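The values are calculated or read from the model by the stated rules, or taken from the named source; none is laboratory data. Small disclaimer: the values here were computed from a predicted structure and weren't measured. Reconstructed Cβ throughout: ideal geometry from the backbone, glycine too, with neighbour counts over all protein chains shown.
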Amino acid sequence: MAATRDAFNSGYKDNRGIPIPGGRGFDIAVSVGQRKRAFRVLNTLVKALETRGYSLRPGDRHMQVEMFGSHFTLGIYEPTKRSNYVPTEKELAAKSRGEHSYWPRYQYTPSGTLEIRCGDGHDAVVKDTVRQPIEEQLNLAVEVMARRAISRLRYQEEQERLAAIREKRRQEALAQQAIQDAEKQKLAKLIADAQRWQQAETIRAFLHAQEVDALEAGALSDQQQMFLAWARAKADWLDPLVAQPDAILDQKIKIPY
């Protein structure tokens with residue numbers, strides 16, 4: 001708490017002109033007039049949280065409260081009333097003299113009411129009302145924070161459950177895809193073997209016709225016999241039912257770079 005108080009000396013202000021502490025203390029955005037009250041409320045709230053077993057720790061930007069595994073930024077915020085900016089007499093005089101002058105479109109007036117906020121959003125846990133200031137709502141503030149933490153925990157658990165279901169379905173689909181891919185590979189090999197067998201049979205039929213034609217014309221020459229023997233060997237190499245090795249076609253030739 002002391003670190004947050006000292007951090008107000010940083011001179012930082014939000015877009016409404018409300019001073020905010022630097023460093024990683026509590027997220028406090030209140031006017032100077034509400035600062036002491038904000039510290040009193042935070043001090044009491046921190047004690048109430050710690051009494052109930054909840055811990056506080058520095059977050060990436062501000063102090064956070066830990067509840068049921070969730071971490072929430074804890075702070076106090078003072079709303080402001082926005083109105084059109086009214087230039088001062090000095091600013092108006094400077095403008096009438098032709099001097100460069102600039103003033104914002106809006107001006108903000110502190111409301112004097114405070115809100116306890118928990119989380120990165122803008123929803124208040126509790127806020128000042130006409131009947132009840134936030135000092136009288138600290139127990140309710142802790143209860144609301146706890147409910148939000150439980151709701152976040154349940155949401156995270158539900159997301160993890162759904163993620164587990166999606167991952168299970170993904171693994172099942174991958175397994176089915178692997179079976180399908182293996183089946184496709186087997187079918188592709190079957191088609192390739194059938195095509196090679198058909199090619200081998202076509203070659204054999206063609207060679208037989210050549211041989212018959214040559215015999216009808218006379219005798220086979222040595223060159224024709226050598227060709228027929230070579231061609232039938234290639235047909236046997238093509239035929240998956242024979243799978244005869246071939247000294248030349250079976251070579252694994254690697255061309256060096």
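Worth a mention:
- In the set (1) touching a helix residue (DSSP H, G or I) at 6+ places or on another chain (Cβ under 9 Å); (2) modelled with pLDDT under 90, the condition left unmet by residue 61 is number (1).
- For segment 99-107, the criterion of being surrounded by fewer than 16 Cβ atoms within 10 Å (Cβ to Cβ), of a type outside the set (S, T, N, Q), more than 25 Å from residue 19 (Cβ to Cβ) and out of contact with any Cys (no Cβ under 8 Å at 6 or more places or on another chain) is satisfied by at least one residue.
- When residue 33 is tested against the conditions (1) farther than 25 Å from residue 81 by Cα; (2) modelled with pLDDT of 85 or more, the lone failure is (1).
- In summary, residue 111 fulfils each of the numbered conditions (1) crowded, with 16+ Cβ neighbours inside 10 Å; (2) within 25 Å of residue 31 (Cα to Cα) with the single exception of condition (1).
- Residue match in segment 133-143 (condition: outside any helix (DSSP H, G or I) and surrounded by 10 or more Cβ atoms within 10 Å (Cβ to Cβ)): yes
- For segment 51-75, the set of residues classified as touching a His at 6+ places or on another chain (Cβ under 8 Å), without any contact (Cβ under 8 Å) to a residue 40 or more places away in the chain and surrounded by 14 or more Cβ atoms within 10 Å (Cβ to Cβ) consists of 59, 64, listed by residue number.
- Filter pass, residue 235 being assigned to a helix (DSSP H, G or I), within 23 Å of residue 193 (Cα to Cα), within 60 Å of the chain's Cα centre (by Cα) and of a type outside the set (Lys, Arg): yes
Yes/no per residue for (1) out of contact with any helix residue (DSSP H, G or I) (no Cβ under 6 Å at 6 or more places or on another chain); (2) surrounded by 11 or more Cβ atoms within 10 Å (Cβ to Cβ):
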| position | (1), (2) |
| --- | --- |
| 115 | yes, yes |
| 118 | no, yes |
| 148 | yes, yes |
| 156 | yes, yes |
| 171 | yes, no |
| 186 | yes, no |
| 191 | yes, no |
| 200 | no, yes |
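- Out of 220, 238, sole residue that is touching a residue at least 40 places away in the same chain (Cβ under 8 Å), over 30 Å from residue 68 (Cβ atoms) and surrounded by 14 or more Cβ atoms within 10 Å (Cβ to Cβ): 238
- Residue match in segment 12-33 (condition: loosely packed, with under 14 Cβ neighbours inside 10 Å and within 17 Å of residue 141 (Cβ to Cβ)): no
- Count of segment 202-257 residues which are over 30 Å from residue 190 (Cβ atoms) and among the hydroxyl-bearing types (Ser, Thr, Tyr): 2
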